[in-house]
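Each remark here refers to the structure printed beneath this line.
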Amino acid sequence: MSERLDMLNLDEGKLLVKTARETIESYVKEKKIPTKKNVPETLKEKRGVFVTLTKNGELRGCIGHPLPGMPLIDALVDASISSATRDPRFPPVKPSELPEIEVEVSVLTKPEVVKVKHPKEYPKCIEVGKHGLIMERDGFAGLLLPQVPVEWEWNEEEFLSHTCMKAGLPPDAWLDERVCVSRFCAQIFKETGPRGDIEEEKQAKKK
């Protein structure tokens with residue numbers, strides 16, 4: 001299975017972020033979903049996507065579709081509404097908050113299972129700043145995007161442990177041979193400020 005991501009150009013990325021912003025504002029204010037017009041064919045391909053909202057530098061919502069189960073533009077609209085109104089960690093975004101919200105869109109590669117002879121090899125198979133992780137065991141699952149360990153300055157083992165905790169598992173669960181670890185890459189587009197310019201975030205690096 002390949003980690004390759006068919007790269008989107010900046011105009012396509014800007015359209016994704018603008019669509020996410022328009023969807024969130026319309027839904028939060030009026031409970032309406034704006035009509036999608038003139039969507040490029042590249043955004044109709046099935047891809048995974050996450051929408052992340054921040055407010056004053058703090059997470060305000062993050063939900064998405066890890067697997068390429070629906071056209072990217074449709075998955076984006078659903079993730080946009082969910083990140084603003086259905087993230088169980090936060091109350092729904094209020095109209096008064098919209099001028100303070102920053103929008104970020106992560107387009108994902110298809111996750112691939114990391115195969116190792118022993119779980120202790122996992123840290124060597126992931127790269128902080130490049131890979132996102134999915135941890136699964138006994139019906140529990142958790143996902144962290146590639147930008148998260150960079151923001152928190154985690155190493156590979158810390159990244160694995162925090163992904164376990166995101167799944168509701170003990171931090172050392174990645175050493176359990178029953179655990180399935182998958183990795184993916186992401187192309188990230190984000191506002192530089194609330195309702196501001198949109199740029200592509202280059203691959204993050206460990207500090």
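Closer than 20 Å to PRO149 by Cβ, of a type outside the set (Val, Ile, Thr) and not assigned by TED's automatic domain parsing to the domain that holds ILE24: is that true of GLU58 in this structure?
Numbers: closer than 20 Å to PRO149 by Cβ: yes; of a type outside the set (Val, Ile, Thr): yes; not assigned by TED's automatic domain parsing to the domain that holds ILE24: no.
In short, no.
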- Item | Members of segment 47-75 that are touching a residue at least 60 places away in the same chain (Cβ under 8 Å), part of a loop (DSSP other than H, G, I, E, B) and either of a type outside the set (Lys, Arg) or surrounded by fewer than 23 Cβ atoms within 10 Å (Cβ to Cβ) (or both) | PRO66
- Residue in segment 24-45 that is in the same structural domain as PRO149 (by TED's automatic domain parsing), among the charged types (D, E, K, R), touching a residue at least 24 places away in the same chain (Cβ under 8 Å) and in a helix (DSSP H, G or I) present: no
- Check on VAL181, outside any loop (DSSP other than H, G, I, E, B), under 23 Å from ILE63 (Cβ atoms) and without any contact (Cβ under 8 Å) to a residue 40 or more places away in the chain: no
- Mind counting the residues in segment 102-131 that are more than 15 Å from PHE184 (Cα to Cα) and in a loop (DSSP other than H, G, I, E, B)? 3
- Message: I'd like to know if segment 77-84 contains one or more residues that are in the same structural domain as THR54 (by TED's automatic domain parsing), farther than 21 Å from LEU16 by Cα and either out of contact with any Ser or Thr (no Cβ under 9 Å at 6 or more places or on another chain) or of a type outside the set (Gly, Ala, Ser) (or both).
- Response: no
- From the residues in segment 147-180 that are farther than 30 Å from LEU98 by Cα and either assigned by TED's automatic domain parsing to the domain that holds ARG60 or among the aromatic types (Phe, Trp, Tyr) (or both), which one is surrounded by the fewest Cβ atoms within 10 Å (Cβ to Cβ)? TRP154
- Which of the residues that make up segment 76-101 are surrounded by fewer than 20 Cβ atoms within 10 Å (Cβ to Cβ) and assigned to a loop (DSSP other than H, G, I, E, B)? ARG86, ASP87, PRO88, ARG89, PHE90, PRO91, PRO92, LYS94
- Task: Given the conditions (1) surrounded by fewer than 18 Cβ atoms within 10 Å (Cβ to Cβ); (2) not assigned by TED's automatic domain parsing to the domain that holds SER83, report the number of the one that LEU144 does not fulfil.
- Result: (1)
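The values are calculated or read from the model by the stated rules, or taken from the named source; none is laboratory data. Since the model is a prediction, treat every value here as computed from it, not as a measurement. Quick reminder, even Gly has a Cβ in these numbers, built from the backbone with ideal geometry, and neighbours come from all protein chains shown.
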